[in-house]
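The values are calculated or read from the model by the stated rules, or taken from the named source; none is laboratory data. Remember, it's a predicted structure, so these values are computed and weren't measured experimentally. Note: ideal-geometry Cβ built from the backbone for every residue, glycine included; neighbour counts use all protein chains shown.
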Amino acid sequence: MPQDIQKLIRDVPDFPKPGIMFKDITPLLVDGQAFHRAIDLMAEHYKKHKIDQVVCVEARGFILGAPLAYRLGAGIVPVRKPGKLPHETIQATYALEYGTDTLEIHKDAIPAGGRVLIADDVLATGGTVGGVLKLIEQLQGKVVGIAFLIELGFLKGREKIKGHDIFSLIRY
C-alpha cells in the first residue's frame with residue numbers, strides 16, 4: 001500500500017450523514033507530486049491492456065479518469081446523473097444501501113467491442129460501478145478492468161463485481 005499517498009487521505013466523520021466516515025481525497029489532489037504518483041501507479045497496472053477508453057464516473061472519477069486516460073493513450077467517456085449529457089443517452093438504475101440511483105452515458109460513447117477501463121475514486125458497496133457495468137454491457141463494450149483510488153473492503157463491494165480485473169491503490 002503506498003503509504004505516502006494514503007497519509008494524504010483525510011477522514012471526515014459524520015459526512016454526508018451521521019455514522020459515515022468519509023474518505024476525503026482533497027489533500028491528495030492538492031499535492032502535485034503525490035497525485036502524479038497515484039495516477040502513475042494506477043496506470044502502471046493497466047499499461048499493457050490496450051485500453052480504448054476510460055469510463056469516468058461522476059464526479060471524482062473525472063478527476064482520476066482523465067489523467068489516467070492520458071497516461072494510457074485512451075479517450076475518456078463521462079458517466080453522469082440524468083439530464084447532464086447533451087446527446088442521446090442510455091441509462092441504468094442501480095441499488096444503493098439506502099435506495100436507488102440512475103446514471104447515463106451517451107449511446108455512441110463506446111463502440112461494440114471497445115476495450116474500456118472504468119475509473120472511480122472509491123469502491124464501497126459496489127452499487128455505482130454495478131450500474132456502470134450495466135451501461136457498458138448495453139453498449140457491448142469489453143471491460144478490461146476497474147480502477148479505484150480507494151477500496152473500503154469492509155463494505156464488500158468487490159463481491160458484487162466479481163469476474164473483473166479490479167485494482168485498488170489503497171485498501172481500508
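Tallying residues that are within 28 Å of His45 (Cα to Cα), touching a Pro at 6+ places or on another chain (Cβ under 9 Å) and at pLDDT below 95 within region 1-20 yields 0.
Taken over region 77-134, residues that are among the small types (Gly, Ala, Ser) and under 14 Å from the mean Cα position of the chain (by Cα) amount to 6.
Look at region 147-162: where a residue is touching a residue at least 40 places away in the same chain (Cβ under 8 Å) and closer than 20 Å to Lys134 by Cβ and a partner is surrounded by 19 or more Cβ atoms within 10 Å (Cβ to Cβ) and small (Gly, Ala, Ser), sitting 6+ places away or on another chain with Cβ atoms under 6 Å, you get Ala147/Ala119.
Checking the structure you have, find out if any residue of region 107-124 is in contact with an Asp or Glu (Cβ under 7 Å, 6 or more places away or on another chain) and assigned to a loop (DSSP other than H, G, I, E, B). Yes, the conditions are met somewhere in region 107-124.
Number of residues in region 24-47 that are farther than 26 Å from Val116 by Cα and either in contact with a strand residue (DSSP E or B) (Cβ under 6 Å, 6 or more places away or on another chain) or among the charged types (D, E, K, R) (or both): the value is 3.
For region 27-65, the set of residues classified as small (Gly, Ala, Ser) and under 21 Å from Pro2 (Cα atoms) consists of Gly32, Ala34, Ala38, Ala43, Gly61, Gly65, listed by residue number. Test Gly73 against the criterion of being farther than 26 Å from Ala38 by Cβ, out of contact with any Leu (no Cβ under 8 Å at 6 or more places or on another chain) and either surrounded by 12 or more Cβ atoms within 10 Å (Cβ to Cβ) or at pLDDT 95 or above (or both), and give yes or no. Here the answer is no, as Gly73 does not meet what is asked. Scanning region 1-45 for residues that are exposed (fewer than 15 other Cβ atoms within 10 Å of the Cβ), charged (D, E, K, R) and under 14 Å from Arg60 (Cα atoms) yields a single hit, Asp24. Go through region 107-134 and report how many residues are surrounded by 13 or more Cβ atoms within 10 Å (Cβ to Cβ) and over 29 Å from Glu44 (Cβ atoms). Of the residues in that region, 1 qualify.
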